[in-house]
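Please read the structure below before turning to the comments.
Since every read-out is calculated from the coordinates, none of them should be taken as a lab result. Just so you know, these numbers come straight off a predicted model, no measurement behind them. Cβ sites come from the backbone with ideal geometry, for glycine too, and all protein chains shown count toward neighbours.
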Amino acid sequence: MSTQSVKCILISLLVAAPFLLLAQNKALHERHYADYIQELLGGQREFSVTNGRVDLVTEEYAYEIEWAKNWKEAIGQSLWYALQTGLKPGIILIRVDPKEYRYFQMLNSTLQFSNLEKAIRVLIFPDDFENLIEEK
């Protein structure tokens, strides 16, 4: 095996390791994912607002971080947190299993139906974070 092949394999393993660890350990709580996402995006975790706490506040967004299957709850929470902070609403769905991508599709369909697809930023973890994870 060439040196180049070994380097490619090692880089692939380093990139894939966080995904594999998080995806295989379903015992992890939402807060573990949220803490890791905060390491990647920056911002402040558990920001207090009237009747709630924003999972992650960045300079531009108030993010609700939620399990993919709970996508319906995330819509209302993200809008409430945006109203309370004066920031743009955002949702980060945690996808542990590839089958859960359907929840991301359901969320986006609902936002399109209600003309909110441009108003609420939607990200899916880990898919939309690959470049940030590679940089770490």
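A few notes on this one:
- Put simply, when 87-95, 73-81 are sorted by average Cβ atoms within 10 angstrom per residue, most first, you get 87-95, 73-81.
- Each peptide in 115-122, 60-67, 34-41 receives the mean, over its residues, of other Cβ atoms within 10 Å, and ordering these scores from highest gives 60-67, 34-41, 115-122.
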